[in-house]
Amino acid sequence: MLEYLAHLDTVLMHFINVSLANPVTDFLMPLITDDIFLRSLYAAALVIILWKGDRRLRWMVLFSALTLALTDTSVNMYLKHWFGRIRPCHTLTDLHVLVDCGAGMSMPSSHAANTFGQALLFAVPYPKLRWWLIGFAALVALSRTFVGVHYPFDVLVGAVFGGLIGYIVAKIFRRLFPVRSDE
């Protein structure tokens, strides 16, 4: 069963990374997956929340930082070492690698965990934003396979793990800061 899943992951990797490669994705996906871009976007969103948000939304900044700390630390310090999976850009020779491969492990994707953690954190108390947040998180997660640094299952495991952390933290937030009827 594990051999079949590994084979399926490799087939999906080639389909997304090689077969779907085109000039548009070759240009966009490295930008979308870029750490500086994502950190700048995150910082800008938090500044806007602190500046324009109501009291309840401002508290979300603290919960956002907590979610990011939980997802990123869990993935990078524990789960990647536990799984011990080598990145596809180090093991597959025929990939379309668009960014630096990196020396770290592959499973799970911390980009996927972090973005899905944030998406679910904000989607629970603010359901009108749900599909925008999840769509953006999915785009960032998928970009990791497009650029050649994560297998699709790495992204899936990261997304599920991060989404679960974000959902749990959001539920705690809602208990501590319930929506008032006058809002």
**Item:** Separation of the LEU20 and ASP35 label points, Cα + 7 Å toward Cβ, nm
**Value:** 2.5 nm
**Message:** Can you give me the convex hull volume of the Cα atoms of region 94-183, divided per residue and expressed in Å³?
**Reply:** 90 Å³
**Item:** Distance-filtered residues of region 130-169 - backbone nitrogen under 15 Å, label point 7 angstrom along LEU8 Cα→Cβ
**Value:** 152-157
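Can you order the peptides 105-118, 138-151 by their average number of other Cβ atoms within 10 Å per residue, highest first?
105-118, 138-151
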**Message:** Taking θ = phi - 60°, what integer Hz values does the Karplus form 6.51 cos²θ - 1.76 cosθ + 1.60 yield along region 142-156, in sequence order, with x for Gly and Pro?
**Reply:** 5, 4, 5, 7, 4, 7, x, 9, 9, 5, x, 5, 4, 5, 4
**Message:** Given R₀ = 30 Å, what would the calculated FRET efficiency be for LEU28 paired with VAL160, taking r from the Cβ atoms and rounding to 0.05?
**Reply:** 0.75
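Could you work out the relative contact order of the chain? I mean the mean sequence separation of Cα pairs under 8 Å and 6+ apart, divided by the number of residues, in percent.
Working: 250 pairs, mean separation 51.6, N = 183.
The value is 28 percent.
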**Asked** How large is ³J(HN,Hα) for each residue in region 111-121, as worked out from phi by the Karplus curve 6.51 cos²θ - 1.76 cosθ + 1.60 (θ = phi - 60°), to whole Hz, x for Gly and Pro?
**Response** 4, 5, 4, 5, 6, 6, x, 5, 4, 6, 4
**Message:** I want to verify a result. In a Gaussian network model of the chain, Cα cutoff 10 Å, which of these has the top mean-square fluctuation: VAL18, VAL155, VAL169?
**Reply:** VAL18
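In whole angstrom, how long is each semi-axis of the equivalent ellipsoid of the chain, when you take the square root of 5 times every eigenvalue of its Cα gyration tensor and sort them from largest down?
32, 17, 14
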**Fill in**
Here the gain from full extension of THR93 to TYR42, 0.36 nm per residue of separation minus their alpha-carbon distance, amounts to 15.0 nm
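Where a number appears in this text, it was derived from the coordinates with a stated rule and is not lab data. Bear in mind the structure is a predicted one, so any value in this text is a computation, not a measurement. Please note: Cβ atoms are built from the backbone with ideal geometry, for glycine as well, and neighbour counts cover all protein chains shown.
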